[in-house]
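The block underneath contains the structure these notes are about, expressed in structure tokens.
Laboratory data are not the source of any read-out in this text; all were calculated from the coordinates shown. This one's a predicted model, so the numbers in the text were calculated from it and none came from an experiment. Here Cβ is always computed from backbone atoms with ideal geometry, including for glycine, and neighbour counts include all displayed protein chains.
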Amino acid sequence: MVVRASAYADELVQTAKTIASPGRGILAMDESNATCGKRLASIGLENTEANRQAYRTLLISAPGLGQYISGAILFEETLYQSTVDGKKIVDILVEQGIVPGIKVDKGLVPLAGSNDESWCQGLDGLASREAAYYQAGARFAKWRTVVSIPNGPSELAVKEAAWGLARYAAISQENGLVPIVEPEILLDGEHGIERTFEVAQKVWAETFYYMAENNVMFEGILLKPSMVTPGAECEDRATPEQVADYTLKLLHRRIPPAVPGIMFLSGGQSEVEATKNLNAMNQGPNPWHVSFSYARALQNTCLKTWGGRPENVKAAQDALLLRAKANSLAQLGKYTS
Ligand code: 13P
């Protein structure tokens, strides 16, 4: 059987390389309306389209952001949104040298037949949605599914997560979007770092198995793994060096060097912890670009500093730039606290 390559093959490789460029990573700002509502509530703001627009405009127009940020993941609303001054958000990103991306999954629902685990929806109609997103300026996509250690994970949940990611990755490449492959292994639980390592090996083995079966071109994808850490409720904490050792061991065992970039999620780590862990992973040469795709670990202080007040926009942007620069240095292995 001969499998036709995506008409976008060269462009996919180029896009992935641009995103995985030295000293840069991804700003994840693709919170669904419900999640964005929780963030806004934490600073006493209502979850209106105008408030979401004001906050996201603040983020993407931070001066010089493109020096540290190579891609921004948007929620569908933001992809089609303009700023209050009528400028398209996508155009501002491009002017900053930041590649626009889009969250394409439709969220998690209970997985029947499992131990209270979940699966990720969104394959129906994905090809036509992605063709429209490409037209609107998106050049990469994200699909986040989760695996829970305290709930198993069951064979079924891992297989479903891996298969869904593989189908999504193939469909995205067919439509010109570099797929970010994100099977998040949730931090929740009392388990130690060894157990996370074991589960992560299983999850990535299956994900690559099904991606190969679906003829996904590995040079045109990006990964968004969780770092290998102890469970959030585990009493034995790990140093950045231990997290780096386990995580790099996992990547070496499971991730082919053809993959251009590994863009970690922060998953509830503190801002500084996420930066230190990334820095520890970049103390030696790696076959892939090892970087960040953080939401909370880039935005937390920025959001609090803004507090919904126009007079705080500059200070909030400075807070975002401070984290972006720290993570840029960590990508280069040069962060010092
Ligand atoms: P956190 O960095 O807050 O975990 O979010 C990253 C993300 O995009 C989750 O899908």
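Computed quantities for the displayed model
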| item | result |
| --- | --- |
| Shape category assigned to the stretch 59-104 from the gyration tensor of Cα positions, a/c cut at 1.5 | oblate |
| log10 of Debye I(q)/I(0), alpha-carbon scatterers only, for the stretch 286-337 at 0.18, 0.32 Å⁻¹ | -0.61, -1.17 |
| Full-stretch length increase - Val109, Glu233 - with 0.36 nm per residue and alpha-carbon distance subtracted | 42.2 nm |
| Sum of side-chain charges, Asp188 neighbourhood, beta-carbon under 13 Å (Lys, Arg +1; Asp, Glu -1) | -4 |
| Which listed pairs, of Lys224/Lys249; Lys106/Lys142; Lys103/Lys304; Lys106/Lys224; Lys103/Lys202, have C-alpha distances above 19 Å, in listed order | Lys103/Lys304; Lys103/Lys202 |
| Reach of Lys334 by Cα under 17 Å, taken over lysines that are not fewer than 8 positions away in the same chain | Lys276, Lys325 |
| Within the chain, helix-based [θ] at 222 nm, where runs of 4 or more DSSP H residues each add -39,500 (n - 2.57), nearest 500 | -14000 deg cm²/dmol |
| Three semi-axes of the equivalent ellipsoid, the chain, Cα gyration tensor, whole Å, largest first | 28, 24, 20 |
| Contact order normalised by residue count of the stretch 90-184, Cα under 8 Å, 6+ apart, percent | 31 percent |
| Percent RCO, i.e. relative contact order, over the stretch 1-122, from Cα pairs under 8 Å lying at least 6 residues apart | 22 percent |
| Relative exposure of Lys224, Lys314, judged by other C-beta atoms within 10 Å (fewest first) | Lys314, Lys224 |
| Global form of the stretch 1-141, assessed from the alpha-carbon gyration tensor, a/c cut-off 1.5 | oblate |
| Kirkwood-type radius of the stretch 128-225, with distances r between different C-alpha atoms, in Å | 14.0 Å |
| The chain - share of DSSP beta bridges that are antiparallel (%, nearest 5) | 10 percent |
| For the stretch 110-156 and the stretch 237-285, distance of Cα centres in Å | 23 Å |
| Spacing of the two label points (7 Å from each Cα toward its C-beta) at Asn312 and Val3, in nm | 4.9 nm |
| Relative contact order, percent, the chain [alpha-carbon distance under 8 Å, six or more residues apart] | 19 percent |
| Karplus-derived 3J(HN,Hα), 6.51/-1.76/1.60, for each residue of the stretch 96-112, Hz, glycine and proline x | 7, x, 10, 7, x, x, 9, 6, 10, 6, 10, x, 9, 9, x, 9, 4 |
